[in-house]
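A.B. asks: Handing you a structure now.
The values are calculated or read from the model by the stated rules, or taken from the named source; none is laboratory data. Note that the coordinates shown come from a computational prediction; the quantities given were computed from them, not determined experimentally. Here Cβ is always computed from backbone atoms with ideal geometry, including for glycine, and neighbour counts include all displayed protein chains.
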Amino acid sequence: MTDIDLIAPPEPFSAIIFDCDGTLADTMPTHFEAWITALRSFGADMNEDEFYGWAGVPTDGIIAALNERYGYTLDIRETHSVKERKYKELVHSVQEIKAVTDIVRKYHGKLPMAVASGGTRDIVDATLTATGLLKFFDVIVTAGDVVHGKPAPDIFLLAAEKMGVDAVDCVVYEDGEPGIVGAKAAGMRVIDVRVLWGGAHSPSMVGAQ
């Protein structure tokens, strides 16, 4: 069985929704590096397991959670800005996750496809541009488009609405628990792309890309 067979969307379906970070593109190690640089510049820190556990959670939500968990007093806007700036400096090195993007190319032009990401629009655009994937998606929904981010279902429901399809007819590709929970809450079927690398943190860490 090939990788594309392993994550083939289950019939029937009318549209596909993809998470961005860790699903379409192997960005997670790059995001982690950006986080560590930003946090340490403010005298704070985050361990790797925490970071991957927050996959899909918006940046501001992670900063707020770190403040609550460790008693930090990180300014959300300033910390967010430094982290995103560092990521943009590194984004040129990000690679697509081929098994997932093979699905994108297979269905491009045949049915609606969207990106639903907990990231900000400029960061998602930067990632999709760096990997050459931006041209495949007419609908991109990001954290700023909804009041409640993942694990709430809002971002997925909005993506379906923008594509003009029913939520139950969508298949979602995700790599993080918040996104999986949110997609299921939206009534959508979910494919956990971590099956491609045995559930490890990211494909680049296990040589699966």
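A.B. asks: Does at least one position in the stretch 53-60 carry a residue that is of a type in the set (D, E, K, R), in contact with a helix residue (DSSP H, G or I) (Cβ under 8 Å, 6 or more places away or on another chain) and either over 23 Å from Pro178 (Cα atoms) or free of Cβ contacts under 8 Å to residues at least 12 places away in the same chain (or both)?
C.D. replies: Within the stretch 53-60, the subset of a type in the set (D, E, K, R) is 60.
Filter once more, keeping what is in contact with a helix residue (DSSP H, G or I) (Cβ under 8 Å, 6 or more places away or on another chain): 60.
With either over 23 Å from Pro178 (Cα atoms) or free of Cβ contacts under 8 Å to residues at least 12 places away in the same chain (or both) added as a condition, the list becomes none.
No, the stretch 53-60 contains no residue that is of a type in the set (D, E, K, R), in contact with a helix residue (DSSP H, G or I) (Cβ under 8 Å, 6 or more places away or on another chain) and either over 23 Å from Pro178 (Cα atoms) or free of Cβ contacts under 8 Å to residues at least 12 places away in the same chain (or both).
A.B. asks: Also, I was wondering about something else. Restricting the stretch 40-71 to residues that are outside any helix (DSSP H, G or I) and out of contact with any Ser or Thr (no Cβ under 9 Å at 6 or more places or on another chain), which is surrounded by the fewest Cβ atoms within 10 Å (Cβ to Cβ)?
C.D. replies: Filtering the stretch 40-71 for residues outside any helix (DSSP H, G or I) gives 42-47, 54-58, 71.
After this cut, where a residue has to be out of contact with any Ser or Thr (no Cβ under 9 Å at 6 or more places or on another chain) as well, the list is 43, 45-47, 54-55, 57, 71.
On the way: Gly43: 9, Asp45: 13, Met46: 20, Asn47: 10, Trp54: 21, Ala55: 24, Val57: 20, Gly71: 7.
Across the stretch 40-71, the extreme among qualifying residues is Gly71.
A.B. asks: Name, by its number, the condition in (1) modelled with pLDDT of 95 or more; (2) over 22 Å from Val193 (Cα atoms); (3) surrounded by fewer than 19 Cβ atoms within 10 Å (Cβ to Cβ) that does not hold for Asp122.
C.D. replies: Here Asp122 clears every test but (1).
A.B. asks: Look through Gly144, Gly187, Gly119 and report the one residue that is assigned to a loop (DSSP other than H, G, I, E, B) and closer than 25 Å to Val91 by Cα.
C.D. replies: Details: Gly144 fails: assigned to a loop (DSSP other than H, G, I, E, B); Gly187 fails: closer than 25 Å to Val91 by Cα.
Only one candidate qualifies: Gly119.
A.B. asks: Return a yes/no flag: does the stretch 102-118 have any residue that is in the same structural domain as Ile180 (by TED's automatic domain parsing), touching a Ser or Thr at 6+ places or on another chain (Cβ under 9 Å) and under 18 Å from Pro29 (Cβ atoms).
C.D. replies: Within the stretch 102-118, one or more residues are in the same structural domain as Ile180 (by TED's automatic domain parsing), touching a Ser or Thr at 6+ places or on another chain (Cβ under 9 Å) and under 18 Å from Pro29 (Cβ atoms).
A.B. asks: Scan (1) closer than 23 Å to Lys150 by Cα; (2) free of Cβ contacts under 8 Å to residues at least 60 places away in the same chain for the single condition Thr23 breaks and write down its number.
C.D. replies: Thr23 satisfies all of (1) closer than 23 Å to Lys150 by Cα; (2) free of Cβ contacts under 8 Å to residues at least 60 places away in the same chain except (2).
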